[in-house]
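Working notes, beginning with the structure itself.
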Amino acid sequence: MATRRPSSLKTVIYEQIARIGKAAASPSRLELLDLLSQGPRTVEALARQTGQSVATTSHHLQVLRRARLVEAQKRGLFVTYRLADQQVGGFFLHLRGLAESRLAEIAQARAAATQAECRARFDEQHLQPHESPAVVTVPLILLAIPSVGAGWVIGPVLFGGYFGDAIVAAPAHDVLAAMGKDFRGVVAMIVHALGTAPFWLAVGGIAAATYLYLLRPDLPAALKEKAGMLYTILERKYGFDEAYQWLFGDGAVRFGTGLWKGGDVTVIDGVFVDGSARVVGWCASVIRYLQSGFIYHYAFAMIIGILVLLTMIFL
């Protein structure tokens with residue numbers, strides 16, 4: 001029959017330290033510590049922010065209170081909780097920093113959450129057609145006004161010798177001179193532009209968008225339904241986003257994880273740090289057999305060492 005080892009001072013200390021560990025060994029209680037590190041809060045406020053019931057939140061707070069991590073103060077009908085002192089806040093910050101430095105899953109979870117949030121915001125903003133805000137529209141209008149006038153003076157400035165001899169180009173590389181041969185004046189260029197494909201494609205795009213989203217907003221959904229796989233391919237941009245995410249985004253995480261586990265844990269910690277410690281331990285375990293406690297043994301070892309040293313010097 002096994003007998004229980006009598007309690008020692010170290011056992012008592014470790015048991016009390018374990019109380020802190022047990023109290024913090026819950027994601028819900030860690031979230032409560034994070035919120036309380038930002039300031040005192042009532043049980044009801046903590047329940048709303050964590051999405052838990054008041055009873056569940058109160059239970060977790062009682063566990064933290066028994067571990068002396070939080071304190072409670074009753075004010076009327078409400079109980080306000082706060083961290084016991086600044087050391088508790090420092091404990092949580094150090095614990096979070098340790099987890100972030102040792103666990104790659106935290107970085108992966110943050111990246112996934114950021115992507116989901118950005119995708120949700122994009123979907124929310126692009127589900128319905130809407131006008132750009134004034135902070136975008138007004139600068140574009142202000143830029144468009146002088147551009148209309150600039151079109152009438154661009155020809156004389158570029159092709160009319162406005163710069164004189166200030167800019168000299170080699171005959172073999174005089175690009176402006178080659179372009180000037182096709183420049184026939186602003187009006188002629190406007191008339192020419194009206195017959196080009198880019199202009200009519202732009203007009204067609206404006207007309208199609210006006211018809212589909214203002215006159216017949218029911219058609220885009222129907223066209224999407226009929227297009228099937230073609231719409232999915234175009235919407236996902238031929239899968240390039242997923243490919244870039246897998247190759248660069250997830251690939252960077254995989255590469256970092258490999259460096260961490262292979263380089264840091266295996267090579268640096270396993271070979272240099274722990275490996276050197278094992279070598280030192282093995283050498284100590286062998287050399288200790290030479291420590292007999294007799295002075296003449298040590299004197300004999302010193303003589304042998306001197307002889308080896310002299311041999312290395314003079315040979």
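The values are calculated or read from the model by the stated rules, or taken from the named source; none is laboratory data. This structure is a prediction, so every number in the text was calculated from the model and none was measured. Quick reminder, even Gly has a Cβ in these numbers, built from the backbone with ideal geometry, and neighbours come from all protein chains shown.
It is to be established whether one or more residues within the range 2-16 are on the phi < 0 side of the Ramachandran plot, aromatic (Phe, Trp, Tyr), surrounded by fewer than 16 Cβ atoms within 10 Å (Cβ to Cβ) and part of a strand (DSSP E or B). For the range 2-16, residues on the phi < 0 side of the Ramachandran plot, aromatic (Phe, Trp, Tyr), surrounded by fewer than 16 Cβ atoms within 10 Å (Cβ to Cβ) and part of a strand (DSSP E or B): absent. For the range 11-29, check the following and say yes or no: at least one residue is in contact with a His (Cβ under 6 Å, 6 or more places away or on another chain) and at pLDDT 90 or above. Among the residues of the range 11-29, at least one is in contact with a His (Cβ under 6 Å, 6 or more places away or on another chain) and at pLDDT 90 or above, which makes the answer yes. Residues that are free of Cβ contacts under 8 Å to residues at least 12 places away in the same chain and part of a helix (DSSP H, G or I) do occur in the range 24-37, at least one of them. Within the range 41-71, the residues that satisfy the criterion of being under 19 Å from residue 21 (Cα atoms) and of a type in the set (A, V, I, L, M, F, W, C) are 61, 63, 64, 67, 69, 70. Right, residue 291: under 29 Å from residue 102 (Cβ atoms) and of a type outside the set (D, E, K, R) or not? Taking the combined requirement at face value, the residue does not satisfy it.
The set of residues in the range 211-269 that are aromatic (Phe, Trp, Tyr) and surrounded by 12 or more Cβ atoms within 10 Å (Cβ to Cβ) comprises 211, 213, 231, 244, 246, 260. Pairing each residue of the range 279-306 that is without any contact (Cβ under 8 Å) to a residue 24 or more places away in the chain with any residue that is loosely packed, with under 10 Cβ neighbours inside 10 Å, provided the two are 6+ apart or on different chains, yields no C-beta distance under 6 Å. Is the range 224-247 home to any residue that is aromatic (Phe, Trp, Tyr), assigned to a helix (DSSP H, G or I) and in contact with a helix residue (DSSP H, G or I) (Cβ under 7 Å, 6 or more places away or on another chain)? Within the range 224-247, one or more residues are aromatic (Phe, Trp, Tyr), assigned to a helix (DSSP H, G or I) and in contact with a helix residue (DSSP H, G or I) (Cβ under 7 Å, 6 or more places away or on another chain). The set of residues in the range 42-60 being surrounded by 15 or more Cβ atoms within 10 Å (Cβ to Cβ) and not in a helix (DSSP H, G or I) consists of 42, 52.
Checked against (1) modelled with pLDDT of 80 or more; (2) surrounded by 10 or more Cβ atoms within 10 Å (Cβ to Cβ); (3) of a type outside the set (Gly, Ala, Ser), residue 297 meets all criteria but (1). A Cβ distance below 6 Å, combined with a sequence gap of six or more or placement on separate chains, defines the contacts here; from the range 177-197, residues that are within 19 Å of residue 150 (Cβ to Cβ) and in contact (Cβ under 8 Å) with a residue 12 or more places away in the chain reach residues that are among the hydrophobic types (A, V, I, L, M, F, W, C) and part of a helix (DSSP H, G or I) in the pairs 180/159; 183/159; 186/152.
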